[in-house]
Amino acid sequence: MPEVRNARHMVLVHGAWQGSWSFATWRPFLEAAGWTVHAVDLPGNGWGEQGAAPASLDTYTAHVADIISAIDAPVVLVGHSGGGVTISQVAERMPDRVAALVYLAGMMLPSAMSYGELLGQVALEHPGVDLRGVGSWLDWDEGRTASTVREEGALLCFVQDCEIDAARKVATLLRAQPESGRAMRNTLSAEHFGRVPRIYVECSHDQSVLLPIQQHMQKLSPGAVRVVLDCGHVPQLAQPERLTALLLPHLEPLVNAARGEPASI
């Protein structure tokens, strides 16, 4: 059955090597604030019913679009890290169903640009800075078709500022990531993606998507509201209460506007 129309819906899309579990700590804060939360397991990432399905931007986009289509209300679409590429493409596909896009240290890439190309641009502006992040801690299969993150790398680059037991649990839950679902390029237009409001949650101590990378993405795709957290790569685990408090006031008017309701009630 369709969801109740006056509910506020948030669809959460994880990044590489992760799954819907990566939002488990944040979810109760959102639900306590009155949001209905839909945490996604992307195809081919080892979790959920489609865990062994092909992984690509097309399959990711179709999967998230199907979830949104079953919700009878505009949604806020959140992408953590590499999940940002997916939410951008979903907004391009169905802009009228997305009230806002939220990038949690996310890949807010311009149309046709790869993450590798982005790193090349940032390297020119920051010579001598090691921008590889978690890329320094990957193990590859024989054909380099999938990668895994070594536990030490996860603890240093992903969850270095999280409570230690929670951080160690994250390190054990990471799965192999197909490269076909990581090295992706968006195809975006001003007419579709460009009219969806965007919020960028900038994580100033991120050791995976370093701050200069996050800031360069915001320059390349201007117009996003900037929210700053003094945390590492996983704000939904490191600072869920603070993230909720800073983010939700921006989302309420955008959801109301998407419904055609007054800006304030």
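The values are calculated or read from the model by the stated rules, or taken from the named source; none is laboratory data. Given the structure is predicted, the values throughout are model-derived calculations rather than measurements. Note: ideal-geometry Cβ built from the backbone for every residue, glycine included; neighbour counts use all protein chains shown.
In the range 19-75, of all residues being β-branched (V, I, T) and over 25 Å from K169 (Cβ atoms), the one that is surrounded by the most Cβ atoms within 10 Å (Cβ to Cβ) corresponds to V64.
Of all residue pairs spaced 6 or more apart or on separate chains, those with beta-carbon atoms under 9 Å, a first member in the range 241-254 that is under 14 Å from W35 (Cβ atoms) and a second member that is of a type in the set (F, W, Y) are L243/W26; L243/F29; T244/W26; T244/F29; A245/F29; L248/W35; L251/W35.
Of the listed requirements (1) under 16 Å from the mean Cα position of the chain (by Cα); (2) under 22 Å from V129 (Cβ atoms); (3) in contact (Cβ under 8 Å) with a residue 40 or more places away in the chain, Q215 misses just one: (3). Go through the residues of the range 161-176 one by one and say whether even a single one is closer than 17 Å to Y115 by Cα and hydroxyl-bearing (S, T, Y). Scanning the range 161-176 turns up no residue that is closer than 17 Å to Y115 by Cα and hydroxyl-bearing (S, T, Y). Restricting attention to the range 105-134 and to residues that are of a type in the set (V, I, T) and surrounded by fewer than 19 Cβ atoms within 10 Å (Cβ to Cβ), the residue that is farthest from the chain's Cα centre (by Cα) turns out to be V129. Scanning the range 189-203 finds no residues that are more than 19 Å from W26 (Cβ to Cβ), touching a Cys at 6+ places or on another chain (Cβ under 6 Å) and at pLDDT 95 or above. In the range 48-67, the residues that are farther than 23 Å from S111 by Cβ form Cβ pairs under 7 Å with partners that are surrounded by 15 or more Cβ atoms within 10 Å (Cβ to Cβ) and aliphatic (A, V, I, L, M), at six or more places apart or across chains, as follows: I67/V11; I67/V40. One residue stands out in the range 90-104 among those that are buried (at least 22 other Cβ atoms within 10 Å of the Cβ) and touching a Leu at 6+ places or on another chain (Cβ under 9 Å): the one that is nearest to E202 (Cα to Cα), namely L104.
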